[in-house]
Amino acid sequence: MKKILVSTDFSKHADYALKAAAEIAKKHNGELVVVHMLGLTEAVVNRDESREVMEALYYMKLAEKRFEEYLDKSFLDGIKVQTTVQNYKVFTELGALAKEFSCDLIVMGSNGCTGWNEVFVGSNTEKVVRTSETPVLVIKDDQENFKINKVVFASDFKDENLPAYYKAMKFFQTFDADVKLLYVHLPAEEFKSTYEIEERIVNFLSKSKLDDAHTINNVAFQNSYTVESGIFNYSNRVKADVIAIPTHGRRGLAHFFSGSIGEDVVNHSKVPVITFKI
């Protein structure tokens, strides 16, 4: 865990993310790359007129000054922090930025997204979760002494989730975390017999090619009316530090009509969530 990218808009939720990222960096002797998305219009950035150029420079300098004040926090003592101001207006570009800086993790704060705003807009965090190849940790609240000791990895154990499972297990090995696997059993059309579920999971785990792969005995089964509620109920019961989930990269109408359990969990969970893109 050498480098962690933290996105900030200088809000309290961004503070929560920065604090959690700092805890991880301290434990792994890592460094932070803190990015602020400026989001100037192309007109402001590209015009040659001196007024527009001065306006762009003003906002850049303002952001840099805010960084000086913003990073004056005791929990950052002893941590190497690099800052960058980017003119990205689309949050999906954070994934590319993480690759550019060779970051192992993206940490973002979020206050969630519900109702019509969730349907038609979605949160900036959700947009990053949907597209980033780098794991994304989403923090909702102030996490005192944040740790990743106990993890719930929820999956339907279909083969398409194998890459995400592999990445997740390798990731959590660096924390020496206790990872509990979870399958949520649904009624109606999603119902599967115990034999069918166990057969799918055994096949899935046998294909993971991990030296210390889980077995069927390590998988918890939770009955629930929705996958989301099943994940939350089980995670609360075992007092998980983090919920880990695979997520799809759907976009636009296909994303809207197909839905994504992963993004629903990110939006609604009180427990920190880390996503691994399929």
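Just so it is clear, none of the values below were taken in a lab; they were calculated from the coordinates. None of these values were measured; they are calculated from a predicted model. Every residue, glycine as well, gets a Cβ built from its backbone with ideal geometry; the counts of neighbours run over all protein chains shown.
About its Cα centre, how strong a charge dipole does region 147-278 have in debye, to the nearest 20, once Lys and Arg get +1 and Asp and Glu get -1 at the Cβ? Don't jump to the answer; show the numbers that get you there.
Details: 16 positive and 16 negative charges, 83 e Å.
Roughly 400 debye, rounded to the nearest 20.
Among 201, 174, 234, pick out the residue whose Cα is farthest towards the positive end of the charge dipole of region 147-278, where Lys and Arg carry +1 and Asp and Glu carry -1 on C-beta, about the Cα centre.
Positive-most Cα among the choices belongs to 174.
Is region 147-278 rounded, prolate or oblate when judged by the Cα gyration tensor, a ≥ b ≥ c being the square roots of its eigenvalues, rounded requiring a/c under 1.5 and prolate requiring a/b larger than b/c? Let's see the in-between values first.
Working: a/c = 1.26, a/b = 1.10, b/c = 1.14.
It comes out rounded by the Cα gyration axes.
By how many nm would the segment from residue 194 to residue 101 lengthen if fully extended, with 0.36 nm per residue of separation less the alpha-carbon distance?
Result for the pair: 28.9 nm of gain on full extension.
Hand me the chymotrypsin sites (Phe, Trp or Tyr not before Pro) from region 139-215 located in a DSSP loop with no more than 15 other Cβ atoms within 10 Å, in residue order please. Kindly include the intermediate steps, with their values, before the conclusion.
Numbers: sites: 146, 153, 157, 165, 166, 171, 172, 175, 183, 191, 195, 204; in loops: 146, 157, 175, 191.
Qualifying residues, ordered by number: 191.
Taking 31 Å as the cut-off for C-alpha to C-alpha distance, list the pairs among 26/170; 73/180; 61/270; 61/170 that go past it. Don't skip to the end; give the middle numbers.
Working: 26/170 20 Å; 73/180 34 Å; 61/270 35 Å; 61/170 40 Å.
Correct reply: 73/180; 61/270; 61/170.
Once you list every other residue whose beta carbon is under 13 Å from the beta carbon of residue 77, what net charge do they have if Lys and Arg are +1 and Asp and Glu are -1? If you can, show how the numbers build up before the last one.
Working: positive: 19, 26, 73, 80; negative: 23, 72.
With Lys, Arg at +1 and Asp, Glu at -1, the net is +2.
Provide the net charge surrounding residue 240, with neighbours chosen by a C-beta distance below 12 Å and charges set as Lys +1, Arg +1, Asp -1, Glu -1. It would help to have the intermediate numbers written out before the result.
On the way: positive: 147, 150, 180, 237, 239, 270; negative: 178, 241.
Charge balance near residue 240 sits at +4.
Hey, fewest Cβ within 10 Å first, where do 278, 139 land in order? Numbers along the way, then the final one.
Numbers: 278 16, 139 25.
By the 10 Å Cβ count, ascending: 278, 139.
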